[in-house]
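Chemist: Pasting a structure here, questions to come.
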Amino acid sequence: MKKIAIIAHDGKKPEMVNFLNKNIDKLKKVELIATGTTGTHVENMGLQVEKKLSGPIGGDAQIAGLAAEKKLAMILFFRDPLGKHPHEPDVQMLMRICDVHNIPIATNPATAQLLIDSFF
């Protein structure tokens, strides 16, 4: 079964929930992995999800590890480009790993929808 990782910065969590609701039937057909707080939002929607640590305390790195091992079909990472994030080095590392290992990563709803639509 294909795995999709889900991450959203705090300011983007409502946008991610809206996106997931829009695509809930498709997402029920794959394994979902998420960083801590985002994973709780996914669970609250009734979706099964494997939760990793919160992003700032290592969750982004855990997701990057899965990408490096090519265990993910894609990553949906709704980033807040205007906010300051103490774990920005982890975010950059995750994006670099995706580029190195050719893992699709969507950082906004429009790109995420294109990935989801092409996947199903």
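Chemist: Within the stretch 47-58, how many residues turn out to be open to solvent by 20 Å² or more (accessible area, probe 1.4 Å), in a loop (DSSP other than H, G, I, E, B) and modelled with pLDDT under 95? Before the answer, list the steps.
Modeler: So in the stretch 47-58, the residues open to solvent by 20 Å² or more (accessible area, probe 1.4 Å) come out as 48-54, 56-57.
Filter once more, keeping what is in a loop (DSSP other than H, G, I, E, B): 48-49, 52-54.
Next cut, modelled with pLDDT under 95 only: 54.
Result for the stretch 47-58: 1.
Chemist: Between residues in the stretch 25-47 that are at positive phi and residues that are in a helix (DSSP H, G or I) and of a type outside the set (Asp, Glu), which pairs lie under 9 Å by C-beta distance while being six or more apart or on different chains?
Modeler: Pairs found: GLY46/ILE24.
Chemist: Filter the stretch 59-95 down to the residues that are over 14 Å from the mean Cα position of the chain (by Cα) and outside any helix (DSSP H, G or I) and list them by number.
Modeler: Passing the criteria: GLU69, LYS70, PRO81, LEU82, GLY83, LYS84, HIS85, PRO86, HIS87.
Chemist: Here are LEU66, LEU76, LEU82: which of them is out of contact with any Leu (no Cβ under 7 Å at 6 or more places or on another chain), farther than 14 Å from LYS13 by Cα and aliphatic (A, V, I, L, M)? Lay out the reasoning, then the answer.
Modeler: Values: LEU66 fails: out of contact with any Leu (no Cβ under 7 Å at 6 or more places or on another chain); LEU76 fails: farther than 14 Å from LYS13 by Cα.
Answer to the check: LEU82.
Chemist: Looking only at the stretch 96-105, count every residue that is touching a strand residue (DSSP E or B) at 6+ places or on another chain (Cβ under 8 Å) and surrounded by fewer than 19 Cβ atoms within 10 Å (Cβ to Cβ) and tell me the total. Lay out the reasoning, then the answer.
Modeler: Start the filter on the stretch 96-105 by keeping residues that are touching a strand residue (DSSP E or B) at 6+ places or on another chain (Cβ under 8 Å), which leaves 98, 103-105.
Among the residues that remain, those that are also surrounded by fewer than 19 Cβ atoms within 10 Å (Cβ to Cβ) are: 104.
Count: 1.
Chemist: Sticking with this one: For residues that are in contact with a strand residue (DSSP E or B) (Cβ under 9 Å, 6 or more places away or on another chain) and of a type in the set (Lys, Arg), scanning just the stretch 70-86, find the one that is nearest to ASN18 (Cα to Cα).
Modeler: Looking only at the stretch 70-86, we keep the residues that are in contact with a strand residue (DSSP E or B) (Cβ under 9 Å, 6 or more places away or on another chain), and these are 71-80.
Filter once more, so that each one left must be of a type in the set (Lys, Arg): 71, 79.
Values: LYS71: 26, ARG79: 15 Å.
Here the answer is ARG79.
Chemist: Under 7 Å between Cβ atoms, which residue pairs at least 6 apart in sequence (or on different chains) link something in the stretch 99-120 that is within 22 Å of GLU69 (Cα to Cα) with a partner that is outside any helix (DSSP H, G or I) and of a type in the set (D, E, K, R)?
Modeler: Every condition considered, the pairs that remain are HIS101/LYS70; THR107/ARG79.
Chemist: Just give me the residues in the stretch 106-118 being part of a helix (DSSP H, G or I) and either open to solvent by less than 20 Å² (accessible area, probe 1.4 Å) or more than 23 Å from ILE24 (Cβ to Cβ) (or both), in sequence order.
Modeler: From the stretch 106-118, those part of a helix (DSSP H, G or I) are 109-118; that's our starting set.
Hits for the stretch 106-118 are ALA112, ILE116.
The values are calculated or read from the model by the stated rules, or taken from the named source; none is laboratory data. Here the structure is a predicted model, which means the values were calculated and not measured. For neighbour counting, all protein chains shown are included, and Cβ atoms are generated from backbone atoms with ideal geometry for every residue, glycine included. We work out accessible area using only protein heavy atoms, side chains counted, and drop any ligands, DNA or RNA first. Shrake-Rupley method; radii C 1.70, N 1.55, O 1.52, S 1.80 Å.
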